[in-house]
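Enquirer: My structure is below; once you've seen it, I'll send some questions.
The values are calculated or read from the model by the stated rules, or taken from the named source; none is laboratory data. What you see is a predicted model, and the numbers here were worked out from it, not measured in a lab. Note: ideal-geometry Cβ built from the backbone for every residue, glycine included; neighbour counts use all protein chains shown. With ligands, DNA and RNA removed, areas are computed over all heavy atoms of the protein, side chains included. Shrake-Rupley method; radii C 1.70, N 1.55, O 1.52, S 1.80 Å.
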Amino acid sequence: MKLPVTTVIDQDLCNGCGLCVVICPCRTLSMIDGKAVVTGDRSLQCDHCAAICPTGAITVHGVHKYALELKTVTNSNEWLPYGSFDISSLVQLMRSRRSCRKFSDQPVERTVLEDLVKIGITAPSGSNCQLWTFTILSNRSSVESLGEATGRFFTRINKMAEKSFLRFFSDLFMKDALGRYYREYYESIKEGLREWKEKGTDRLFHGAPAAILIGMRPGASTPCEDALLATQNILLGAHAMGLGSCLIGFVVEAMKRDPTIKARIGISREEHIYAVIALGYSEEKYRKQAGRKKIVPRYYEG
Ligand SMILES: Cc1cc2nc3c(=O)[nH]c(=O)nc-3n(C[C@H](O)[C@H](O)[C@H](O)COP(=O)(O)O)c2cc1C
């Protein structure tokens, strides 16, 4: 994806230090007669040149300060030098985030959800394309409606999986996709659908009063990675802002296979949804951080 060059350098303010020329990943800038000038026709619009300029001579017009303006939390827009953040707080935050499966009814303010989107888009993206989309479901009834559409999808899949001849054909022609579904998910989904119908228990969204769907518009070189990086930012940001969160993979799967679900909430066919995050105030309180399986990293020092 090629982005236009929107960099403008104020020649009166430029002190000729050349830092912007060195930092530019696209070699868009050059030094001419002791001043930085735009000479290239490629840009990532990454804003690195403006961020490194000591005199404020550079503006990248493709970049908006919008993402820096949070409404519900005070934050510094100062750049943190390497190593100057309290790593133990960061790790504690990462380890304290848990998938929440019991949300309270308390609604989540729109401004909080919008701030989470801004926290999401601080993530890197392939070629800085930033082709993310964020669909905010800001109340319980919209979350329930998406849950019901997902429930209808899985009711259909369960009906198919019940039929042994369809599982047989799936084994022959679809790498046993239906058979694997039957063995791994059929029973628990049947139970979840039954509980929803009979008791109104929401085992899909866990009673969340809000959700954010993270998608990508066409054209990104690394859409899945971009979307999931923004997603992790939102999960961590949510915890720090007092919210519980849970990724809901079943809804992602349903939206992938049944485009009418996307259409219901105004998402176009071309847009792909990579993550659905249930959000709300958590009713769960832990006494300690959870462990993880042991991972032994591999070294290559050839
Ligand atoms: C891609 C993905 C999809 C997930 N989908 C669901 C889901 O549909 N429902 C759910 O309750 N949890 C879901 N989870 C949450 C995982 O079960 C959870 O992350 C895992 O058990 C580890 O727990 P933790 O998030 O509390 O650390 C999903 C997680 C990921 C990464």
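Enquirer: Can you work out the Karplus-derived ³J(HN,Hα) for every residue in region 110-117? Use 6.51 cos²θ - 1.76 cosθ + 1.60 with θ = phi - 60°, whole Hz, and x for glycine or proline.
Expert: For region 110-117, the Karplus curve yields 4, 4, 5, 5, 5, 5, 4, 4 Hz.
Enquirer: Arranged from highest to lowest average of other beta-carbon atoms within 10 Å per residue, in what order do the peptides 288-299, 89-100 appear?
Expert: In decreasing order of mean packing, 288-299, 89-100 become 89-100, 288-299.
Enquirer: Going through region 52-110, which GluC sites (Glu not before Pro) have at most 11 other Cβ atoms within 10 Å and a DSSP loop state?
Expert: Passing sites in region 52-110 are 69, 78.
Enquirer: Could you tell me the center-to-center distance, by alpha carbons, between region 59-78 and region 156-186 in angstrom?
Expert: About 49 Å separates the Cα centre of region 59-78 from the one of region 156-186.
Enquirer: Which Cys in the chain stand alone, with every other cysteine's Cβ at 4.7 Å or more from theirs?
Expert: By the Cβ distance rule, which asks for a partner under 4.7 Å, the isolated cysteines are 14, 17, 24, 26, 46, 53, 100, 129, 224, 246.
Enquirer: With a 1.4 Å probe and every protein chain left in place, work out the accessible area per residue of the chain in Å², rounded to a whole number.
Expert: Per residue, the chain has an accessible area of 62 Å².
Enquirer: In debye to the nearest 20, how big a dipole does the chain give about its Cα centre with +1 on each Lys and Arg Cβ and -1 on each Asp and Glu Cβ?
Expert: Around 1340 debye, computed over the chain.
Enquirer: Carbon and sulfur: what percent of the chain's accessible surface (1.4 Å probe)?
Expert: 54
Enquirer: Give the share of C-alpha pairs in each 5 angstrom bin for region 147-199, from 0 to the last occupied bin, in whole percents, shortest bins first.
Expert: 5, 21, 29, 21, 13, 8, 3, 1
Enquirer: Treating the Cα atoms of the chain as identical point scatterers in vacuum, please give the log10 of the normalised Debye intensity I(q)/I(0) at q = 0.07 Å⁻¹, two decimals.
Expert: Result of the Debye calculation: -0.38.
Enquirer: Shifting gears a bit: Applying 1/(1 + (r/R0)^6) with R0 = 41 Å to the Cβ-Cβ distance of residue 168 and residue 141, what FRET efficiency is obtained, to the nearest 0.05?
Expert: Result of the calculation: an efficiency of 0.50.
Enquirer: Using θ = phi - 60° and the Karplus curve 6.51 cos²θ - 1.76 cosθ + 1.60, what whole-Hz ³J(HN,Hα) does each residue of region 155-166 get, with Gly and Pro shown as x?
Expert: 5, 5, 5, 4, 4, 5, 5, 5, 7, 5, 5, 5
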